[in-house]
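The structure appears below as structure tokens.
The values are calculated or read from the model by the stated rules, or taken from the named source; none is laboratory data. The shown structure was predicted, so the numbers you read here are calculated from the model rather than taken from an experiment. All Cβ positions, glycine included, derive from the backbone under ideal geometry; neighbour counts span all protein chains shown. SASA here: full protein model, heavy atoms, side chains in, ligands and nucleic acids out. Shrake-Rupley method; radii C 1.70, N 1.55, O 1.52, S 1.80 Å.
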Amino acid sequence: MTQQLNRQPAADQHGPSATEKTGNSSVMEPGSGPFSYRDLARLDEALTMSAKETGLRFTLYVGELGSDTRATAEDLHARSGGDTTNSVLVALSPGQRVLEIVTGTAAARRLPDRACALAVLSMTSRLGAGDLVGAIINGLRQLSDAAGHPARRNAH
């Protein structure tokens, strides 16, 4: 089972997944993973809002990450296409009970390790309650809040 969604502010596309590409977003076929139509709509909206609010490109991967989960997540990030310096990958493997957040170099300046760790902690709490979609949406909101809007960040 692999599901991958992304939303980016620019029109670039990202790498291979079991997805149907529509515009600048990759949307899963319902029934091909753990998400319903409603879940996919909620996730797509959260990814869209995160991209609009921050100017960063967000990618979501849900599936197995192999034995070296960090290396796999970093590889997924590198292959996500477009300008990976301004992108954020949230990789989640429910079966392995693993969550990885990978940021590009420019995104990392706006999302330091501490901010990502807080998002992971928040997501882990929701995941423990069995709320996969809620955990992802909550994590994206927390990452967006931490990254802020580029125009507002530069004004200070």
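Structure values in brief
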quantity: Using a Förster distance of 25 Å, the FRET efficiency for residue 125-residue 105 (Cβ separation, nearest 0.05); calculated: 0.30
quantity: Burial order of peptide ranges 78-87, 125-134 (average beta-carbon count within 10 Å, highest first); calculated: 78-87, 125-134
quantity: Segment 26-147, accessible surface, carbon-and-sulfur percent (1.4 angstrom probe); calculated: 50 percent
quantity: Solvent exposure of segment 26-147 as accessible area per residue, Å², 1.4 Å probe; calculated: 45 Å²
quantity: Antiparallel DSSP beta bridges within segment 32-137, as percent of all bridges there, nearest 5; calculated: 50 percent
